[in-house]
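The block underneath contains the structure these notes are about, expressed in structure tokens.
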Amino acid sequence: MSAGERLPTVRALATKLRVSPTTVAAAYNALRVRGLVHGSGRRGTVVNRRPPLLTRAVFPPPAPGLRNLAEGGPDPAMLPKLKPYLARLEGIQGRYGDAENRAALMKLAARQFKGDAIAADSIAIVSGALDGIERVLQAHLRPGDIVAVEDPSYTGVLDLVAALALVAEPVAIDDSGPLAADLNRALKLGAKAFILTPRAQNPSGGALDRKRAAELRQVLAAFPEVVLIEDDHAGQVAGAPAITLSGGRAYWAMVRSVSKSLGPDLRVSVMAGDALTVARVQGRQSLGPRWVSHILQDLVAMMWADGATPAVLHKAADTYASRRRALIEALAQHGIEARGRSGLNVWVPVAEEAAVANAMAAKGWAIRAGESYRIKSAPGIRVTISTLPSEDARKFAADLAESIRPRTHAQSA
Ligand SMILES: Cc1ncc(COP(=O)(O)O)c(C=O)c1O
């Protein structure tokens with residue numbers, strides 16, 4: 001059928017195919033969840049004109065000349081220089097027969113996880129945090145299943161959940177992470193998985209503290225079958241301790257990416273998890289990409305093994321922390337409240353997010369309107385602070401104050 005065409009009614013198709021109307025309705029619903037059709041009931045079910053993969057946000061690059069505080073990525077100046085490591089790569093090409101995961105990287109990953117009190121008996125190597133999340137979701141869930149997600153959440157996660165025909169159930173968050181009572185509500189609705197950002201929450205800049213972690217663990221304990229997916233996308237540069245809720249759970253994965261700490265182009269994440277989840281992830285991976293390029297695995301292993309790297313990562317984490325604080329303080333000078341305890345972003349609640357983003361663009365700043373990150377939560381803007389030094393934060397804050405409260409001209413009565 002082509003775009004715009006109307007599907008037969010559920011009843012008509014059920015009669016024609018001699019199946020129950022419930023079966024046809026379920027099939028139509030699966031098409032709807034995948035974004036292939038829209039409408040239902042008396043209005044009829046119509047084939048979508050839009051592409052089958054709907055994404056919340058296609059962010060065009062900021063207009064030339066704008067200061068780019070929109071991207072959410074690390075400051076290139078804070079990443080270890082690649083060149084010395086590239087020079088040390090072995091000249092011998094890898095072969096099909098090589099072990100999928102490099103022993104040196106596995107060993108370093110296990111040491112890191114254990115150092116953070118995260119069980120490291122089963123580890124996989126995947127192509128970034130989002131790839132790991134997708135693989136764990138695929139390993140356990142079916143189309144139509146509910147996934148509890150933080151609200152607001154990283155657009156990549158929301159788009160991924162939709163693309164897998166899963167249903168996102170928003171969980172309210174504050175600076176210390178998801179609210180325990182709201183997680184409980186979402187799990188009671190039947191959520192099969194929970195995607196948590198323990199630190200460097202994107203876009204809100206939240207991070208779990210010990211008290212909230214204990215509350216969340218208690219809620220999760222009543223739902224032992226739920227798959228817990230912890231997205232540690234910023235890892236060692238998050239500027240907050242590594243906290244896990246995974247202890248004692250049956251199905252879980254903690255995906256630690258090197259994208260923010262060593263560079264987004266490395267496309268490497270290490271994933272700790274329960275034996276079944278890790279085996280399913282690796283098994284499926286071995287049928288598709290087979291393994292993460294050994295060249296990339298070797299580069300990450302070299303960087304992690306290098307005695308100079310901890311200082312580089314500390315400096316990055318400290319720099320991001322002071323940039324977050326500088327912006328929050330500069331905004332406070334203008335009476336603007338902002339949030340950001342961890343990571344690369346500061347979140348500023350504003351009533352008119354698109355209007356504020358446009359007004360800031362007119363003043364030379366590219367920032368993100370929060371709409372694509374939200375389900376039910378209140379509007380705001382996301383400012384990536386990774387490349388915003390404190391000198392510039394003051395100018396930014398003054399411009400934002402004007403954009404939020406445009407100067408009105410006095411009117412004569
Ligand atoms: C919360 C969150 N998860 C995952 C990612 C993507 O990470 P990766 O590059 O490792 O796939 C991002 C990127 O900004 C993110 O903000």
Looking only at segment 307-328, and only at residues there that are in contact (Cβ under 8 Å) with a residue 24 or more places away in the chain and of a type in the set (D, E, K, R), the one that is surrounded by the most Cβ atoms within 10 Å (Cβ to Cβ) = 324
Residues being in contact (Cβ under 8 Å) with a residue 12 or more places away in the chain and aliphatic (A, V, I, L, M): count how many of those fall in segment 9-40.
-> 8
Could you list, in sequence order, all residues of segment 349-385 that are charged (D, E, K, R) and either more than 21 Å from the chain's Cα centre (by Cα) or buried (at least 18 other Cβ atoms within 10 Å of the Cβ) (or both)?
-> 352, 353, 363, 368, 374, 382
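Taking the conditions exactly as written (of a type in the set (Gly, Ala, Ser), over 29 Å from residue 94 (Cβ atoms), outside any loop (DSSP other than H, G, I, E, B) and more than 15 Å from the ligand (Cβ to nearest atom)), does residue 330 satisfy them or not? Let's see the steps before the verdict.
On the way: of a type in the set (Gly, Ala, Ser): yes; over 29 Å from residue 94 (Cβ atoms): yes; outside any loop (DSSP other than H, G, I, E, B): yes; more than 15 Å from the ligand (Cβ to nearest atom): yes.
When the stated conditions are applied, residue 330 passes them.
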May I ask you to say which residue of 196, 216 is away from the ligand (no atom under 15 Å from the Cβ) and either free of Cβ contacts under 8 Å to residues at least 12 places away in the same chain or buried (at least 19 other Cβ atoms within 10 Å of the Cβ) (or both)?
-> 216
Would you please list the contacts, defined by Cβ atoms under 8 Å and residues six or more apart or on different chains, that run from a residue in segment 352-366 that is at positive phi to a residue that is of a type in the set (Lys, Arg)?
-> 364/67
What number of residues in segment 1-38 are out of contact with any strand residue (DSSP E or B) (no Cβ under 8 Å at 6 or more places or on another chain), assigned to a loop (DSSP other than H, G, I, E, B), surrounded by fewer than 16 Cβ atoms within 10 Å (Cβ to Cβ) and among the hydroxyl-bearing types (Ser, Thr, Tyr)?
-> 1
Scanning segment 99-131 for residues that are of a type in the set (Asp, Glu) and more than 16 Å from the ligand (Cβ to nearest atom), the one surrounded by the fewest Cβ atoms within 10 Å (Cβ to Cβ) turns out to be 121
When you scan segment 372-413, how many residues do you find that are out of contact with any Lys or Arg (no Cβ under 6 Å at 6 or more places or on another chain), modelled with pLDDT of 95 or more and not hydrophobic (A, V, I, L, M, F, W, C)?
-> 15
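Evaluate the following for residue 151: is it crowded, with 18+ Cβ neighbours inside 10 Å and among the acidic types (Asp, Glu)? I'd like the intermediate steps shown before the answer.
Details: crowded, with 18+ Cβ neighbours inside 10 Å: yes; among the acidic types (Asp, Glu): yes.
It is true that residue 151 is crowded, with 18+ Cβ neighbours inside 10 Å and among the acidic types (Asp, Glu).
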Are any residues in segment 226-261 free of Cβ contacts under 8 Å to residues at least 40 places away in the same chain and farther than 16 Å from residue 278 by Cα, and if so, which ones?
-> 235
Among (1) under 30 Å from residue 154 (Cα atoms); (2) exposed (fewer than 11 other Cβ atoms within 10 Å of the Cβ); (3) not polar (S, T, N, Q), residue 41 falls short only on (1)
Could you list, in sequence order, all residues of segment 199-213 that are more than 16 Å from the ligand (Cβ to nearest atom) and either without any contact (Cβ under 8 Å) to a residue 12 or more places away in the chain or aliphatic (A, V, I, L, M) (or both)?
-> 213
Qualifying residues in segment 169-193 (those that are within 16 Å of the ligand (Cβ to nearest atom) and either more than 23 Å from residue 344 (Cβ to Cβ) or among the charged types (D, E, K, R) (or both)) - the one surrounded by the fewest Cβ atoms within 10 Å (Cβ to Cβ) | 175
Can you find even one residue in segment 81-98 that is assigned to a helix (DSSP H, G or I), surrounded by 11 or more Cβ atoms within 10 Å (Cβ to Cβ) and within 16 Å of the ligand (Cβ to nearest atom)?
-> no
Counting only residues that are over 27 Å from the mean Cα position of the chain (by Cα) and of a type in the set (A, V, I, L, M, F, W, C), how many does segment 59-108 have?
-> 7
Residue that is farthest from the ligand (Cβ to nearest atom) [pool: residues in segment 220-275 that are within 18 Å of residue 200 (Cα to Cα) and among the acidic types (Asp, Glu)] = 230
Per the filter on segment 343-374, residues within 21 Å of residue 208 (Cα to Cα) and either outside any helix (DSSP H, G or I) or polar (S, T, N, Q) (or both) are 343, 344, 345, 346, 347, 348, 349, 374
Given the conditions (1) in contact (Cβ under 8 Å) with a residue 24 or more places away in the chain; (2) farther than 26 Å from residue 337 by Cβ; (3) among the charged types (D, E, K, R); (4) within 16 Å of the ligand (Cβ to nearest atom), report the number of the one that residue 284 does not fulfil.
-> (4)
Could you say whether any residue in segment 45-58 is surrounded by fewer than 10 Cβ atoms within 10 Å (Cβ to Cβ), more than 21 Å from the chain's Cα centre (by Cα) and assigned to a helix (DSSP H, G or I)?
-> no
Those residues of segment 329-351 which are touching a residue at least 60 places away in the same chain (Cβ under 8 Å) and closer than 9 Å to residue 381 by Cα, in sequence order | 346, 347
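The values are calculated or read from the model by the stated rules, or taken from the named source; none is laboratory data. As the structure is a computational prediction, the values presented were derived from the model and not from experiment. Glycine gets a Cβ as well: all are built from the backbone with ideal geometry, and neighbour counts include every protein chain shown.
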